[in-house]
Structure formats: C-alpha cells, structure tokens
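To start, the structure itself, in structure tokens.
The values are calculated or read from the model by the stated rules, or taken from the named source; none is laboratory data. Predicted model only: the values in this text are computed from it and were never measured. Every residue, glycine as well, gets a Cβ built from its backbone with ideal geometry; the counts of neighbours run over all protein chains shown. Each accessible area value is taken on the protein alone, full model and side chains, heavy atoms only, with ligands, DNA and RNA left out. Shrake-Rupley method; radii C 1.70, N 1.55, O 1.52, S 1.80 Å.
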Amino acid sequence: MVHTAYVSADNIRTLFSDAMSRMYQQEVPQYGTLVRLVADINEQVLASEPALHEQLQQQGELERLSLERHGAIRVGTADELHMLRRIFAIMGMQPVSYYDLSEAGVPVHSTAFRPVDPASLQRNPFRIFTSLLRLELIEDDALRQQAEAILARRDIFTPKARALVDVAEAQGGLTDAQAQEFVAEVLETFRWHRHATVDHASYQALQDSHRLIADVVCFHGPHINHLTPRTLDIDAVQQHMPAAGISPKAVIEGPPRRRCPILLRQTSFTALEEPVLFAGEQAGTHTARFGEIEQRGMALTPKGRALYDELLARSRQAPAQPDNDGHQRQLVDIFADFPDDEASLRQQRLGYFRYELTDAGRQPAARGDDVSDMETLIEAGLVQASPITYEDFLPVSAAGIFQSNLGSASHQAYRQNASKAAFERALGCPVIDEFGLYADMQDASIQRVRQVLSA
Ligand code: OOG
Ligand code: NI
C-alpha cells in the first residue's frame, strides 16, 4: 500500500512566512531596510553580550533571530474571516484572544492566528494579527450600505486556494506539491493591488468616515500591511531608524526596558504614501503599509496583567512627554511598582514560568522529596524556572500602532462596545483564551518535575 506523506502544518507555516517576507520586501523596499537594520543591531548585541549569545545558541534561536514574528491584515466581511480561519488552520495557526479596538477609535475587532503548542511555537511562532472591520460602526446609512455592496462584490481568495482548502480538510493534510501550490495561491490574497476597486469619490467618502474603512473596503484584497521581525534591542533600533532613512513612530509601545522583560514592546515606521489607480485610471495615493519590530518578554498571569494595565493607565494619565526618551523615562518611574526580579515575579504569581529539573534534581538522591512547593525545590537546587515568553498582543499597543499609521486624524472612542460574540460567530468558533494556554504550559512543566521526583 502506498502511504502519502503530508507536509506538517509547521512546515507549511514556514513556507508561508518565508514567502510573505520575500514578497513584502519586494513590495516595500523600506521594509527590507528595516530588516537589515534589525539584523545589524542584533549582531552588535550578540557580540557585546556573550552570555545572551550562548543562551540563544543553546535554544536554537540564532538562525531565525531576525525572521518575521508576525504580520497583520484587515478584512471586511464575516465570510472573509471565516475562510481565513480555515486557511490558517492548515498552517497550524489558531485564533487566540479577542481584541476590541473600537475603544481606541479604530472600527475593528481582532484576533491573532498563531501556533499554540510549545513545540510548534519553537519551530516557528509566526502569527497574523487579523482584524475584522465593524461596518455597523459607520453611522451614515448610505455610506455603510455602499461599503457593504462593494465588499459583497469581491472574492479575496483565488479559486485554487479555495479548492486546496477543501482538499486539505478532506484528506487531513497536503502533499508536498499541494502545500507549495497552496502557499503560492494563499499569497495572492495578501498581495498589494495598485488598482482600487472604486472611483476616487467613493474612496474619499469612505476615507472621510475613517481611513481604515477606505483601506479595507476599496481594494481587491487585504494586502499585508506590515511584517515584524524580532529585535534584541528595540531602543537601539528606534534610535537608529532615522539615520537609516526610516521615520519611526513617536514612541515605543508597551512596557519600559527592564531587567526582566515582560509582555511585548513594539515600534514601527510610519506608513508610506503609495501611488494607486482609482477606477477610470485616475491616479492617487493610499497610505497603509509599514514595517514594525517587536521584542518579547514574559507572559503575565491575570494578576500580573492587571498590574500592567493599572500602571499603563497611570502612565497615560501622566503629562504627555515631548519624545520617546521622555516617555520611556516616565514609564520606568511608574513601572518601579512592578517587581523586576524573577524570584518576586514567581513568588507573587505575576508571571508564568516553565519549571524543570536541574542536574542535581535528576540524580536518584533527589527522589522522595516533598514536591508540593516549587519554591522550596528551587531553593534546594533541584529545580530551575525560566520565564514563558508572551506570544500574544496588547490592545493599547495595537491601537497605538494603528493610530500612528492613520495620519493625524484622531478618532473618538466608538460608543458601541466590544462584540466578542459577533466576532466568534463570524469566525465560526470561539477564540482561545491566552491565559489558559500559558497556565497549561506552566502546569505541565510542574507535573513533569513532580512525576520524576516522586517516582
Ligand atoms: C494591526 C495593528 C496591530 C500589533 O502588532 O499590535 C498590530 C494593523 O495595523 O492592522 O499589528
Ligand atoms: Ni504588528
């Protein structure tokens, strides 16, 4: 009997993230410049911090250090989101968390499609932050109906991509040739289209309602709007962007620089004004695409996250600072109330940790110890703990990234609140709770330790 081997979802995701990276660097040369700047600075950091270099080498992180960690797209209809869920599932990416951006004056709600199990995250953590336009937030009835009608006319997926999704679901996987074709077809959905689907007047009306609405509604597909490599020193990249001819957003989003990094720090270059052609070959411009970088720290428990949110809110009430340096200094002051050593973060249950046996803990002599308390075992030198990396996104930071790419026009919060249920109906399944994923990883590591020690 002939067995057909299917390509693993992890490998399909890697084919996809590589293809996206090549396409986007070609489409947006400035993004290529950012990738090279990030690689240079990562190299400098590694040269000056041998301990970090060794740690990353041991973790097998060096080869893929400057590779993309996430990208983002925005879609217009429930059907588009639903189809994306099926496509990303084939790449091992599940919808995690619900983000309501309407509070920040951005008429979308979002999730992040990402791998969830530790081995897949280790192979390739690539995620797509995916936003669904909330047309119900357009107050003008005629404009809303016009937007709906425009969206109803487009299919953002190629017929072959649709067919291959059916094949993958029916067979339970894709052969090598099918996987290559699938990635090439799916890539078409995220390609930039110079031709808008509407005339300039329609574009302008939607643009006046909200720039994001024009971006989602007026084109053939949800062009990838940024990709995001990982940096080892986000402060240095922010500082060096102007000299590389890149214009950074005003401030780095997220927590300040710390000894024990938490959550996620992000910055981007502001979106480029690019030539487009409206119906009737009328020339114009559209501003949507940019490049971003990220630096990740430890995942926080709900208690740690509540403290983060509280301190972030405090910083937002503090006097506005003239520049990123001032903003960062202010954040450092305010975040002095957030413990910054691993023992406190563990003991106060602020962060999630992965526990494992030390060499001493693996000796037969270690068996029979009381395994109820990890801290006692750490003190006894039998167990060590390392922080679990945060894999998700921060709504306030995401809003900051959106805003910095929507020009100067600021928008008030929309009055209608979050609509997680409607989002999940569109998606066709519930989003996964991020805290549950981290708690499971931590618990599983504790169980493994206990099993060996009490054997
Ligand atoms: C998404 C912005 C959010 C992030 O990294 O927080 C985001 C968008 O502009 O579509 O990507
Ligand atoms: Ni992003």
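Odds and ends about this structure:
- Residues of region 211-260 satisfying the condition of being on the phi > 0 side of the Ramachandran plot and out of contact with any strand residue (DSSP E or B) (no Cβ under 9 Å at 6 or more places or on another chain): Gly245
- From Ser102, Ser97, residue being closer than 17 Å to Phe423 by Cα and within 16 Å of ligand 2 (Cβ to nearest atom): Ser97
- Cross-chain or 6+ apart pairs with Cβ under 8 Å, region 282-309 first and closer than 26 Å to Leu232 by Cα and of a type in the set (S, T, N, Q), then away from ligand 1 (no atom under 16 Å from the Cβ) and open to solvent by 10 Å² or more (accessible area, probe 1.4 Å): Gln295/Leu232; Gln295/Asp233; Gln295/Pro261; Thr301/Arg349; Thr301/Tyr352; Thr301/Phe435; Thr301/Ala439
- Any hit, region 133-156, residues being over 28 Å from the mean Cα position of the chain (by Cα), modelled with pLDDT of 95 or more and of a type in the set (Val, Ile, Thr): yes
- Taking region 302-373 as the region of interest, none of the helices (runs of 4 or more DSSP H) fully inside it holds 3 or more residues being in contact with a His (Cβ under 7 Å, 6 or more places away or on another chain) and either within 15 Å of Cys260 (Cβ to Cβ) or aliphatic (A, V, I, L, M) (or both).
- In region 386-415, the residues that are under 15 Å from Ile262 (Cα atoms), within 11 Å of ligand 2 (Cβ to nearest atom) and polar (S, T, N, Q): Ser397
- Being among the small types (Gly, Ala, Ser) and surrounded by fewer than 20 Cβ atoms within 10 Å (Cβ to Cβ) is a property that holds for Ala201.
- Among the conditions (1) in contact with an Asp or Glu (Cβ under 7 Å, 6 or more places away or on another chain); (2) open to solvent by 10 Å² or more (accessible area, probe 1.4 Å); (3) in a loop (DSSP other than H, G, I, E, B), the only one that Glu139 does not satisfy is (1).
- Yes/no for Thr111 being within 30 Å of Gly221 (Cβ to Cβ), of a type in the set (S, T, N, Q), within 16 Å of ligand 1 (Cβ to nearest atom) and not in a loop (DSSP other than H, G, I, E, B): yes
- Residue within region 217-237 that is under 18 Å from Gly76 (Cβ atoms) and assigned to a helix (DSSP H, G or I) present: yes
- Every residue from region 238-272 that is closer than 23 Å to Arg305 by Cα, among the hydrophobic types (A, V, I, L, M, F, W, C) and either over 16 Å from the mean Cα position of the chain (by Cα) or outside any strand (DSSP E or B) (or both): Val251, Ile252, Cys260, Leu263
- Residue in region 316-326 that is touching a residue at least 12 places away in the same chain (Cβ under 8 Å), away from ligand 2 (no atom under 16 Å from the Cβ) and surrounded by 19 or more Cβ atoms within 10 Å (Cβ to Cβ) present: no
- Annotation note: Cβ proximity below 7 Å between a residue of region 115-130 that is farther than 22 Å from Val75 by Cα and open to solvent by 10 Å² or more (accessible area, probe 1.4 Å) and a residue that is modelled with pLDDT of 95 or more and within 16 Å of ligand 1 (Cβ to nearest atom) (sequence gap 6+ or interchain) occurs for Val116/Val96; Leu121/Glu391; Asn124/Ser17.
- Matching residues in region 61-89 - criterion: being in a loop (DSSP other than H, G, I, E, B), open to solvent by 20 Å² or more (accessible area, probe 1.4 Å) and at pLDDT 95 or above: Thr77
- Residues in region 14-60 that are surrounded by fewer than 13 Cβ atoms within 10 Å (Cβ to Cβ) and assigned to a loop (DSSP other than H, G, I, E, B): Gln59, Gly60.
- Pairs, first more than 18 Å from Asp79 (Cβ to Cβ) in region 417-441, second outside any helix (DSSP H, G or I) and open to solvent by 60 Å² or more (accessible area, probe 1.4 Å), C-beta under 6 Å, six or more apart: Ile432/Gln94
- Members of region 150-173 found to be more than 27 Å from Cys218 (Cα to Cα) and assigned to a loop (DSSP other than H, G, I, E, B), listed by number: Gly172, Gly173
- There is no residue in region 159-180 that is within 20 Å of the chain's Cα centre (by Cα), open to solvent by 20 Å² or more (accessible area, probe 1.4 Å) and more than 16 Å from ligand 1 (Cβ to nearest atom).
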